[in-house]
Amino acid sequence: MIDRDALFAGLRRWPDVEDPTLQAHDASDELILDEAAKLGPLGEVVVIGDRHGALTLGALAAGATRVRVHQDSIVGERALDANAERTGLTDFAHHGLDASLVDGARLVLLQLPRALDALDEIAELVATHAADEVVLIAGGRVKHMSMSMNALLGRSFKHVRASLGRRKSRVLHAERPLRPGISWPRSRTHRLDRGPLTVVAHGAAFAGTSIDIGAQTLLAHLGEMPDASHAIDLACGTGVLGVALALGRPDVRVLATDASAAAIASTRATAAANGVADRIEARQADGLEGVPDGSAGLILLNPPFHIGAAVHTGIAERLIADAGRALAPGGELWCVWNSHLGYRAALDAVGPTRQVSRNPKFTVTATRR
């Protein structure tokens, strides 16, 4: 077996944000693996929510014969692949969040998501398709956990218990699946000034079936945006912006991109629910990779401002720079952002930027290349 301390010391994040305070593993990864080791030889393992490879590679280093792994973020997948190549631990396979991931599984290791909806979808999937004797070991940092997680797991499993805390981390054990069936994705229809819009969301999609306030703020300005035959909904989430644009402009075609698999699945479902699936391509990607330079006439962006639990502007700044690369001369980037965050310099680096609206919470800007 490979020494775990040495393995973890060599793990690296995918280089999307250069920040030494953002680690590739934490104490919750170690605690999950230690709790799993108490059950005996690992055999085949399912890993869900691995951020940069610590759980997958840690399980393989501890003797797992094979790992099926699901990571919502394409960036996380690439971090795992790069760390696997570096360590030589490659006996794993990527899966979507579907029955093939957990079918017949006896041991599932989960890095707890922050969103309860995401946990609910995962719990339903495991409790519906895994083996009768499955054990789900779900861990996280204590400050991000709540009793609601225990209660939620209790809807899908008969027995749920918590481990003792260690180094500000804790693990929940769930056993005896109740076979609840699958209730995801879910949908909700909103009555907007421009007409109805149905949002379909998987559990890990940002804002779920609601329309977050930032998106609402940008939606109010759709009529002011320039005409373009092709537009991009960058960091699309559930696809609200791109779908609303397609509904209002029958001739526009939209490329929707997001690093999240749940976001892309939600966007496709949202487009279909609103009858515009033929004009919206949803693509999982890191930013606008694959989009040619100088090709986009209009880009809409409601950027994320968290990396995990930490407020961090790095992702938004990368997305803004990528939008600048993809914009055609004279094309415009319409962006909504938290007013207290300093994105104006990054936008001005793309081109002349005008403030369209501003309130204490959100600013909308239009940047022309």
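The values are calculated or read from the model by the stated rules, or taken from the named source; none is laboratory data. Keep in mind it's a predicted model, so treat the numbers as computed, not measured. Methodologically, a virtual Cβ is constructed for each residue, glycine included, from the backbone with ideal geometry; neighbour enumeration extends over all protein chains shown. All accessible areas refer to the heavy atoms of the entire protein, side chains included, with ligands and DNA or RNA removed. Shrake-Rupley method; radii C 1.70, N 1.55, O 1.52, S 1.80 Å.
A few points about this structure:
- Within the accessible area of the stretch 1-154 (1.4 Å probe), percent carbon and sulfur: 52 percent
- Binned Cα-Cα distances of the stretch 153-212, short to long, each 5 Å bin given as a whole percent: 4, 15, 14, 11, 15, 14, 11, 7, 5, 3, 1
- Here the ratio of the Cα radius of gyration of the stretch 9-136 to 2.2 N^0.38 Å is 1.00.
- D_trans [Stokes-Einstein, Kirkwood Rh over alpha-carbon pairs] for the stretch 61-196, 20 °C, 1.002 mPa s, µm² s⁻¹: 130 µm²/s
- Calculated P(r) of the stretch 238-369 - Cα pairs past 23 Å, %: 33 percent
- Extension gain, Ala220 to Ala27, is 65.1 nm, computed as 0.36 nm per intervening residue step minus the present C-alpha separation.
- Here the stretch 118-198 is treated as a Stokes sphere of Kirkwood radius computed over C-alpha pairs; at 10 °C and 1.306 mPa s its diffusion coefficient rounds to 112 µm²/s.
- Remark on the stretch 186-269: hydrodynamic radius 12.8 angstrom, per the Kirkwood mean of 1/r across alpha carbon pairs.
- Extension gain, Asp193-Asn359: 0.36 nm per intervening residue step, less the Cα-Cα distance, totals 57.7 nm.
- For the chain, the solvent-accessible area works out to 43 Å² per residue, with a probe of 1.4 Å and every protein chain left in place.
- Nitroxide proxy distance, nm - points 7 Å out along Cα→Cβ at His340 and Leu39: 4.2 nm
- Taking only the alpha carbons of the chain, we obtain Rg and Dmax values of 21.3, 62 Å in that order.
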